Amino acid sequence: MRVNDLISGTLLIILAVAMMAYTTTFPPFPGQKYGPSLFPRLLGGAIVLCGMLLMLRGRKQLAAGQPLGFIDDAYRPARGWMSVMMIIGAIVFYIAFSGTLGFVVTAFILMLALLLWFNVKPLNAVIIAIVAVLAVDWFFGWMFRVPLPLGFLPNGPANMLMNLIRGAR
């Protein structure tokens, strides 16, 4: 069974608003304009926008005569359950191996495997995985100074890149 995107979008918005409301309980960082609530609020805002887009699509589906719940001919339960298991497996893999391999290597392996599982072309999957992992490493590891696991790498890629840029000045 598949539900109309109007229902999915509404649920996403409710969850995002609840998440953003919960961030009001986070303590501020002394001397900082932003604190630990910033990223969850930004993420919540993006989820609200995605929920609104789903709701718009759901309204179009209703206008086309599609019911709120229906059996989709293209629905393949086995692949759906396997996709859920892949996500859970990815989380377990990250927990088990990120300390040894480091964030960059572990995240690249996971991103590539998941992108390929979800039928992204191999070359596109490699490019997306590299760019996404380096962007996340830079954003969290360098900008927010989150101590990401380095594994066997002596220094994170974002730090190595910033050291190269600083040396060029």
Once both labels are modelled 7 Å past Cα along the beta-carbon direction, what's the residue 24-residue 135 spacing in nm? 3.2
At a probe radius of 1.4 Å, what is the per-residue accessible area of residue 79, in Å² to the nearest 10? 80
At what distance in angstrom do the alpha carbon centres of segment 1-29 and segment 32-66 lie from each other? 8
Net +/- balance of residues flanking residue 129 in space, Cβ distance below 14 Å, scoring K and R +1, D and E -1: 0
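The values are calculated or read from the model by the stated rules, or taken from the named source; none is laboratory data. Note that the structure is a prediction, hence the values are computed from the model and not measured. With ideal geometry, Cβ positions are generated from the backbone for all residues, glycine too; neighbour counts draw on all protein chains shown. Please note that ligands, DNA and RNA were not included when accessible areas were found on the heavy atoms of the full protein model with its side chains. Shrake-Rupley method; radii C 1.70, N 1.55, O 1.52, S 1.80 Å.
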